[in-house]
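Structure first, then comments.
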Amino acid sequence: MALSRLQRLEKIIAPLPEATRVDIEAWGGQPTFRVRGRNFVFAANDGSSISVKLSQAEAAAVVASDPDAEPTGYGLGRHGWVSIRIGARASAERWREIEEWVHTSYSLVAPKTLARKAGLLP
């Protein structure tokens, strides 16, 4: 049986050191993923979209080149946060991009020791 989008996202995040899922009740149970209390992924309840933190340059490039990406609202976009829609039939290539963006977000938010432990920094 195929994994749901949210399950695939959780599978990408599971190996990251100290990554935890916190569902925000005030936001209708929306899942967030955190490392030491800091968000590195916001997700729609069904996994149909995510928001991740990227460098300013990468965020600008993704938004300019990907029609399914836009700066995250609530003022987060100006800090490199990008919201990306994930189609129900997202390709393997798209999931590789998502994995890369999630890893980048984690490496920017997590303490450097954890990002190194995850193999995301030298």
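Throughout, read-outs are computed from the coordinates displayed, never taken from laboratory work. What you are looking at is a predicted structure, and each value in this text was computed from that prediction instead of being measured. Cβ sites come from the backbone with ideal geometry, for glycine too, and all protein chains shown count toward neighbours.
Tell me which chymotrypsin sites (Phe, Trp or Tyr not before Pro) from segment 5-81 have a DSSP coil assignment and no more than 11 other beta carbons within 10 Å of their own.
Loop-located and lightly packed - 74.
To make sure I understand, if each residue's beta carbon is the centre and we count other beta carbons within 10 Å, what order do 91, 4 fall in, fewest to most?
91, 4
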The answer for the chain, counting only DSSP H helices whose Cα atoms cover 15 angstrom or more along the axis and whose Kyte-Doolittle average is -1.0 or greater, is 92-109
For segment 5-114 the mean separation of alpha carbon contacts under 8 Å (6+ apart) over residue count, i.e. relative contact order in percent, is 25 percent
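How much length is gained on full extension from residue 100 to residue 3, taking 0.36 nm per residue of separation minus their Cα-Cα distance? Before the final figure, lay out each step's value.
On the way: separation 97, 0.36 × 97 = 34.92 nm, distance 1.90 nm.
That pair, residue 100 and residue 3, stretches by 33.0 nm at full extension.
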When the chain is treated as a Gaussian network with springs between alpha carbons less than 10 Å apart, the largest mean-square fluctuation among 108, 76, 54 is found at 76
Taking alpha-carbon centroids only, segment 10-25 lies from segment 88-122 a number of Å equal to 12 Å
So, over other residues within a Cβ distance under 15 Å of residue 86, counting Lys, Arg +1 and Asp, Glu -1, the net charge is -2
Longest the chain segment clear of trypsin sites (Lys or Arg not before Pro) sitting in DSSP loops (not H, G, I, E or B) with at most 13 other Cβ atoms within 10 Å runs 37-88
Place a point 7 Å from the Cα of residue 113 in the direction of its beta carbon; the residues of segment 34-51 whose amide N falls under 12 Å from it are none
Heads up, the chain by the C-alpha gyration tensor (a ≥ b ≥ c square roots of eigenvalues; a/c under 1.5 rounded, else a/b over b/c prolate, else oblate) looks rounded
Around residue 31 (Cβ within 12 Å, Cβ-to-Cβ, excluding residue 31; K/R +1, D/E -1) the net charge comes to -1
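How charged is the neighbourhood of residue 101? Take every other residue with its Cβ under 11 Å from the Cβ of residue 101, and add Lys/Arg as +1 and Asp/Glu as -1. All intermediate terms of the calculation are to be shown ahead of the outcome.
Working: positive: 53, 94, 96; negative: 58, 66, 97, 99, 100.
After counting each charged neighbour, the total is -2.
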